[in-house]
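Notes to accompany the following structure.
Just so you know, all these numbers are worked out from the coordinates, no wet-lab data involved. What you are looking at is a predicted structure, and each value in this text was computed from that prediction instead of being measured. Don't worry about glycine lacking a Cβ; one is built from the backbone with ideal geometry, like all the others, and counts go over all protein chains shown.
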There are 2 protein chains.
Amino acid sequence: MAAANSSSRLGLVERSVRDRVPPLLTDMYQFTMAYAYWRTGRHQEPAVFELFFRDCPFGGGFSVFAGLTDCLLFLRGFRYTDQDVDFLRSVMPPSTDPSFFQFLRGLDCSGVTLRSVPEGSVVFARVPLMEVAGPLAVVQLLETSLLCLVNYASLVCSNAARFRLAAGPRRKLLEMGLRRAQGPDGGLSASRYSYIGGFDLTSNVQAGFLFGIPVAGTMAHSYVTSFTSLEEAWPQTLVPLNGDDGVPVDFISLTKGWLSRVCALVGAEPGKIREGELAAFLSYAVAYPQNFLPVIDSYSVACSGLLNFCAVALALCELGYKPVGIRLDSGDLCRQSVDVRRVFRLCSEHFSVPGFESLVIVGTNNISEQSVTELNKKENEINTVGVGTHLVTCTKQPSLGCVYKLVEVRGRPRMKISEDPEKSTIPGRKAVYRLVDSEGRPFLDLLCLVAEPPPEAGRPLTCFPLGCDDASVSITPTQVVCLRQEVFIKGQVTQPLENPAETRAKVQSSLQDLNPQHKRLQEPESYTVALSETLHKLFTDIQRGNTGNNNNFLLLLDQ
Amino acid sequence: MAAANSSSRLGLVERSVRDRVPPLLTDMYQFTMAYAYWRTGRHQEPAVFELFFRDCPFGGGFSVFAGLTDCLLFLRGFRYTDQDVDFLRSVMPPSTDPSFFQFLRGLDCSGVTLRSVPEGSVVFARVPLMEVAGPLAVVQLLETSLLCLVNYASLVCSNAARFRLAAGPRRKLLEMGLRRAQGPDGGLSASRYSYIGGFDLTSNVQAGFLFGIPVAGTMAHSYVTSFTSLEEAWPQTLVPLNGDDGVPVDFISLTKGWLSRVCALVGAEPGKIREGELAAFLSYAVAYPQNFLPVIDSYSVACSGLLNFCAVALALCELGYKPVGIRLDSGDLCRQSVDVRRVFRLCSEHFSVPGFESLVIVGTNNISEQSVTELNKKENEINTVGVGTHLVTCTKQPSLGCVYKLVEVRGRPRMKISEDPEKSTIPGRKAVYRLVDSEGRPFLDLLCLVAEPPPEAGRPLTCFPLGCDDASVSITPTQVVCLRQEVFIKGQVTQPLENPAETRAKVQSSLQDLNPQHKRLQEPESYTVALSETLHKLFTDIQRGNTGNNNNFLLLLDQ
C-alpha cells in the first residue's frame, strides 16, 4: 500500500498538524495575557495548567481520551514565524512594547513538559487528563490549540465507542460522515477518531491515506440513475473466472435469463423492473466482478432493485465470481433486510448457489446510536452499518466542553473560586491514580497532590468523592495504576507515537476492563472520582480563605 | 495591517483550500463509480448535478448560502498527484484497469461549468443552489468535496444570521468557539462563516490573519488567578496620558485610594476583596491602559471583581486614560449587568467621571440563540455578547444535510424515484428565478427547465408549489431575478472572488429584503418554492413512468 509504512505516514501527519494548527490558530486573549505577563516580568514563572472536562458526554458514564498524538506534534513544532509576529503587531494595541514581539519570535516549547493519560484510555469527568507545565506565558499560549485538538477528538471517539457498544462486536461499522462534518478537516478528524473509537471502515479516502484506515464504498444512487437502457452497459461480455478457454460470455443475455428465473421464483412482475438500474448493475459488475455491492433502493427494492441484483449476482456466480452484497439507503432497513435475506436464501436453495444466503447487507439511512441499539431488539439481517451525520456531528451533544485551568504558579496552588460551584477548580499539581478492585476492574480515580505518597495496593485509604459534599469513604485497592505519563519533556516527545490501529486496540481493551454498570449507554452508574485527604483539605482551606498560599484577601487598605 | 490586502489574502486562502481539501478528501465510492463509468465508456458524457438541501435549518424559514469561494478555489486547483494516484491504486480492487489511473492523473476541471446562487444569499429548501455541469466521471468525483465545503459553511452562516436577528442590529456579537469546534479547521470555518453571517468580531487570530475579520479578546480567569499579591503587580507606576512632565505616578497607591472610596460609595466590605485579582487588574491596566477590559467574576463580582475594576478604572481615568469595560462569564448575566451598570453610574455621578456610566459590558457564558433572544425581553445592560459552543457546533441542528443529485445526462433528464417521496429528486437542467412582489420583497422561487422562456415581470403565470401535492397557483411577479450566475466556466473562475466583508454585507442586505414572516426565528411562514408547469409535467410524467426519456421499465424479458 502506498504511504503504508508508519514512519512516512507520521511525517505526513506531522506536516498536516503544522498546516492545520498554525500557532495563530488561537484566541486573541492568549496574546494579550502573554504580553501582560511579560510586561510584569512573570512570563518565565513556572506554571501548571490542567486539561479536563466537567461531565461525561451523551449522558453516559465514561469518555475516551483522544487527540494526544496531534498535541505532541503541535508542541514539537510550536514556533511563530516572522509573518505571524508581523500580523500580531498589527492587531495588538499600539502601546505594546516592540520587544515583546522579539520575545514571541524566539518562543518554543523547550521549557514545556506534558504529563498525559495515554491516548485511547477510558476517562472520567473532572480527572485532569493532561498536565502542561512550563513558563507561565508559554503554557498560557498553548491553551486554545490543545483544547481544540482534544475536545472534538475525544468527543467523536467517545461517540464512536458508544456506537460500537451499541452494535456489539460482530456487526461492521462504516463511518461515512465527511460531507456532513464541520468542513474538510472536521471530516478528516471525524474519520480518524471514529476509527480509533471502534469503527472498522471509513468512506474517506484521505483518512485512509494519512492514517491507514481501511476504506470502503461502491456506488451512489447517481450511478444507478445515470443509466437509462441496456445499450449503455458495456462491455456486454465477461470472461468467466478460471475459465479454461478465456472466451467471453454474453453477460447481458446470461443476466436476463437469471432475471426471468428470479422473477418466477419470487413471483415478481417483470414489467416493473427498471432497465436503467439493471444496466447500472451490469456495468458495475463487469467493472468489478469480485466487488459487486450495489445500492438497490433507487427505485423500488422489492419490485426492481433486489431482482436486478439477484439476476446479476447469480450470473456472476455462474461465471465463478463472488458477489459481495447490497446496500439499503431508505425506508425501514430492518424489515427490508429480512425480506432481502429471505430472497437470498430462496435463491441459494432453489438455484443451489452456496454462499448466496450469506451475502452482505449494508444499511445506511440516517443511522443514530438509537437505531443501532434497536438492531439488537428488532429482527434484521444487517451485517454492516454505515453512519454519517449522527456520528460526526455528535448530534446528542456536539461539544465535550474540555477546559484548561491554572492550578499552580511558582510552586503555589492556584484556584478559581467561582460563585458558580461547577466552575470552581481543584488547586495544586496532582498525581492521578486509577484504583482497581479484586476482579481487575477500575472502581475509583484518585486525585492526590503530587508531593503525597502514592496509594498502595492492599492498604486502606480515606478519600473524598467529588459531588458528595464533604463525605469521605474508606476503600482498599487491589491494584494501583498511575494514570498519567510524561510524554513530552522540555521540548522532546519521550514516547513512541502510536498509530491509529494501536490506539484503537487500546480503546477496546480499556473499555473491556470497565465495569458494565459504567458502560451502560442509558443511565449508567457514575464512576467515582475522589480527592485524597490532603488535596481535599487544600481545596476546602483555599475555598474558605484559610490559607495564605492562595487568593489572599486584601487586608490592607492603607489609604 | 500585515497580510492586509485582499489579493495576498486570497493567495493564502487558496493555499489553505489546497492543503485542507486535497482531492483524496472524498468518499471512496466516487472512485469506484468513476472507474465503472470509465470502463463502460460513459465517463465523458455531459452530465449535470444539483446541490440543494431539503429543509431549512433550525426550524427556521430560510438559510444563508455560503462556501462558494472555497468551492471555486477547489475547482480551480483540482488535480490528482502521482502520490494520490499511487494510493488509489493500492486501495481500489486489484482488477482495476491500470489505464484508469493514467486517466485520473490527467483529470482537471477544464470541462466543468458551475452555476451558483451568489454567496451570502438567503436561500430556501429544495432550490438547487449550485449546478455542476461537465463530464460525468469528473462531476461525480467532485460531489463530496463540494458538499463538504458548502454544508457546514451554510449551516454556521445561517446560525450566525439567526443570532444576529435575535440580537438586533445594535448589540455587538463576538464569536469565540475555536476550542469547541470540530478540530482546528472546523474552528477556522466557524469563525469565517459566523462573521459572514453577521457577527462583528472573532477571538480567532488565524481567522483575522486569513480573512481580515476583526479580532478581540483581553483575559481569561487564569490570568486573574495567577496573581496572589500586589507584589506581583509590576511596574507599579504609570505615566499619565498627556501629562506635561512624563513623571510616573505610583499607580498602586492611586488605585488603593480609589478602592477605599468605591467601597465607601457602594457600602462594600473591603475585607472581602481579593488581593490577587486586584494585582491582576493593576498589571493588565499598566500593560494596556487604553484597553482595560478584565473578566470580573473569578471570585465574586459584587464583593471583589467589580470593586477592583472600578478602582483601577477610576485610577486610569484620573491619569487621562479611557478604560473599556468588563466581562461577565458566569451566573445570571442580565441581573449582574444591571448591578454593574448601577455601580458604573454611581461612580460616574459621584466622582464626576463622564463616560464611566457607559463602559462596555461583555457577557459570555454558554450563550445560545435563546439566551440572546431573552436579552430583548429581560432588563439587562449587556453591550457585547460572546458566543462559542452553540454557535460553532450548531447545537439546535448540527448538520444542514445538503445533497448533490444527478439531474441530466447527455441532455436527458434523470431522476431518483425513491419509495421515500422525501428522497425523490426533481429532474432536468433548470433555471431558477426569484419572484419579487410590488413591495420589493421576494415571495416565490420558481424552478423552470432551462429551455423554457423566463417568467416576465407583470405577466401572470401558473406554477406548482412544492409540498402542495398537485395544486397550482397563479401569480404575477412585479420583478423577476435570475437567481444563479455562471461563476466557473470550463476551468476558469469568471467573477471576482469576494472578500468576507463584502459577502457579510450581502447577507444583511439579502435578509433585509426578506419578508419578516419568513425571518421569524420560531414558527416562520414557509417561503414558497414552485415548479413551472413544464417542469411539473416532466416530474409527474417520469414519476408515473409516462416518458420514454427516463428510467424505462425493462419491457423485454426475451429469455
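Taking the radius of gyration and the Kirkwood hydrodynamic radius from Cα positions alone, what is the Rg/Rh ratio for the stretch B:57-177, to two decimal places?
Numbers: Rg = 18.9 Å, Rh = 17.0 Å.
With Rg and the Kirkwood Rh in hand, the quotient comes to 1.11.
If we count other beta carbons within 10 Å of each Cβ, what is the order of A:ILE417, A:ILE489, A:ILE475, A:ILE273, fewest first?
Numbers: A:ILE417 21, A:ILE489 13, A:ILE475 17, A:ILE273 25.
If I rank by nearby Cβ atoms, fewest first, I get A:ILE489, A:ILE475, A:ILE417, A:ILE273.
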Give the average, rounded to an integer, of partner chain Cβ atoms located within 10 angstrom of each Cβ in A:10-22. 3
Consider just the alpha-carbon atoms of chain A and return their Rg together with their Dmax, both in angstrom. 29.3, 107
For the stretch B:56-67, in residue order, the Karplus 3J(HN,Hα) values (coefficients 6.51, -1.76, 1.60; θ = phi - 60°; whole Hz; Gly and Pro = x) are 5, x, 6, x, x, x, 8, 9, 10, 8, 8, x
List every residue whose amide H lies under 5 Å from the amide H of A:THR237, counting only residues 5 or more places away in sequence or on a different chain, with H placed 1.01 Å from N in the peptide plane. A:PHE251
Tell me the mean residue ellipticity at 222 nm calculated for chain B from its helices only (DSSP H runs of n ≥ 4, each -39500 (n - 2.57), averaged over every residue, nearest 500). -11500 deg cm²/dmol
Could you pull out every residue, at least 5 positions away or on a different chain, whose amide H is within less than 5 Å of the one on B:LYS430? Hs are placed 1.01 Å off N in the peptide plane, and Pro or chain starts have none. B:VAL450
Shielding score for B:271-281, defined as the mean number of other chain Cβ atoms within 10 Å: 4
Mind giving me the nanometre distance, one decimal, between the label points for B:ASN376 and B:ASP82, set 7 Å out from Cα along Cα→Cβ? 6.1
Explain nothing, just compute: Karplus ³J(HN,Hα) = 6.51 cos²θ - 1.76 cosθ + 1.60, θ = phi - 60°, for every residue of the stretch A:124-135 in order, whole Hz, x for Gly and Pro. 10, 4, 6, 7, x, 7, 10, 10, 10, 10, x, x
Scoring the stretch A:162-392 by relative contact order with C-alpha pairs under 8 Å, at least six apart, yields a percentage of 22
log10 I(q)/I(0), Debye, Cα-only the stretch B:163-392, no solvent, q = 0.13 Å⁻¹? -0.79
Cα-Cα pairs above 21 Å in the stretch B:433-505: how many percent? 45
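How many lysine pairs in the stretch B:163-392, separated by 8 or more positions in sequence or lying on different chains, have Cα atoms less than 23 Å apart?
Lysine pairs meeting both conditions in the stretch B:163-392 amount to 5.
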Measure off 7 Å from each Cα along the Cα-to-Cβ vector at B:ASN242 and B:GLN495, then give the distance between these two points in nanometres to one decimal. 4.8
Once you average over the residues of B:410-416, how many Cβ atoms of partner chains fall within 10 Å of each Cβ? 3
Apply the Karplus curve 6.51 cos²θ - 1.76 cosθ + 1.60, θ = phi - 60°, to the phi angles in the stretch A:331-336 and return the couplings in whole Hz, x for Gly and Pro. x, 7, 5, 4, 4, 4
Report the FRET efficiency, 1/(1 + (r/R0)^6), for A:THR534 and A:CYS468, where r is their Cβ-Cβ distance and R0 is 22 Å, rounded to 0.05. 0.80
In the P(r) worked out for the protein assembly as shown, what percent of Cα pairs fall beyond 44 Å? 41
Counting pairs of alpha carbon atoms under 8 Å apart in space and at least six apart in sequence, what relative contact order in percent does the stretch A:145-216 give? 32
How long is the gain from B:LYS396 to B:SER358 if the chain were fully straight, where each residue apart is worth 0.36 nm and the alpha carbon distance is subtracted? 10.3 nm
Starting from the Cα of A:ARG412, step 7 Å toward the Cβ, then list every residue of the stretch A:23-51 with an amide N under 13 Å from that point. A:46
5 Å is the cut-off here: which amide hydrogens, built 1.01 Å from N in the peptide plane, fall below it relative to B:PHE488, excluding neighbours closer than 5 in sequence? B:LEU114, B:THR494
Relative exposure of B:TRP258, B:TRP234, judged by other C-beta atoms within 10 Å (fewest first): B:TRP234, B:TRP258
For the stretch B:210-330, take every pair of Cα atoms, bin their distances at 5 Å starting from 0, and report each bin as a whole percent. 2, 12, 23, 24, 19, 11, 5, 3, 1, 0
If R₀ is 30 angstrom, what is the calculated FRET efficiency for the pair A:PHE103 and A:ALA451, using the beta carbon separation as r and rounding to 0.05? 0.40
Which value, in Å to one decimal place, does the Kirkwood hydrodynamic radius take for the stretch B:96-146 when every pair of different Cα atoms is included? 13.0
As a footprinting exposure proxy, order B:SER509, A:SER348, A:SER532, A:SER203 by other Cβ within 10 Å, with the fewest listed first. B:SER509, A:SER348, A:SER532, A:SER203
Sequence gap at least 6, Cα distance under 8 Å: using those rules, report the relative contact order of chain A to the nearest whole percent. 19
Return the FRET efficiency for the residue pair A:GLU45, B:LEU346: r is the Cβ-Cβ distance, R0 is 41 Å, and the value is rounded to the nearest 0.05. 0.65
